[in-house]
Amino acid sequence: MTANRNTVLIVEDDLFISMDAADCVARTGANVVTTETVEDAIGIVERGNICAAILDFRVLDGVITPLLKKLEASGIPYRVVSGSSPAELAAEGIPPACCTPKPADYLRVLGLLNNARRSAMAPMTA
């Protein structure tokens, strides 16, 4: 699948959760690209053309904090969907407003990402 401005990156190492998230996102008409590692996800972000990301906190090759820096630098909104404690996520510098606990309703998560995208694109007013 070719990535475009309507492509959501999902980083999740549990196959069933990844499939559930991808299915929910795809049903909205968005394209989906999935991976199980931070390294692969960083490569996808560097190639561009994703509009948002749904991330587990801890995946096959470690925690996603290096990926968050890439997403933030690129202005790409993200949600961390995790079973990790809010205190652990906060200790890694992940804003609580960007976190959703597992189990998650991925349609709701996508709605939150869409709201974040609209807010980021809204013109600034004085």
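None of the figures in this text is laboratory data; all of them are computed from the coordinates on show. Just so it is clear, the model here is predicted, and its values are computed rather than measured. Cβ coordinates were reconstructed from backbone atoms using ideal geometry, including for glycine residues, and neighbour counts include every protein chain displayed.
Dividing the helix sum by the residues of the chain, where each DSSP H run of 4 or more adds -39500 (n - 2.57), gives a mean residue ellipticity at 222 nm of -13000 deg cm²/dmol. Of all DSSP beta bridges located in the stretch 40-126, what percent are antiparallel, nearest 5? Bridges in the stretch 40-126 that DSSP calls antiparallel: roughly 25 percent. Taking other Cβ atoms within 10 Å as a rough exposure proxy, Val11, Val33, Val80 sort from fewest to most as Val33, Val80, Val11.
With only alpha-carbon pairs counted, each pair once and no self-pairs, how large is the Kirkwood hydrodynamic radius of the chain in angstroms?
When all Cα pairs of the chain are included, the Kirkwood radius is 14.5 Å.
Summing +1 for each Lys or Arg and -1 for each Asp or Glu among the other residues whose beta-carbon sits under 15 angstrom from that of Gly111 gives +4.
Magnitude of the charge dipole for the chain, about its Cα centre and with charges confined to Cβ atoms of Lys, Arg (+1) and Asp, Glu (-1), is about 660 debye. Net charge near Ala97: determine it from the other residues with C-beta under 14 Å of the C-beta of Ala97, scoring Lys and Arg +1 and Asp and Glu -1. Taking every other residue near Ala97 into account, the sum is 0. For the stretch 96-109, the Karplus equation 6.51 cos²θ - 1.76 cosθ + 1.60, evaluated at θ = phi - 60°, returns couplings of x, 5, 9, 10, 9, x, 8, x, 10, 8, 5, 5, 5, 4 Hz by residue, with Gly and Pro reported as x.
Ranking Phe57, Val81, Asn31 by Cα position along the charge dipole of the chain, where only Lys, Arg, Asp and Glu carry charges on their C-beta atoms, puts Asn31 farthest toward the positive end.
Spin-label pair Asn114-Asp14: with each label point 7 Å from Cα along the Cα-Cβ axis, the two points sit 2.5 nm from one another.
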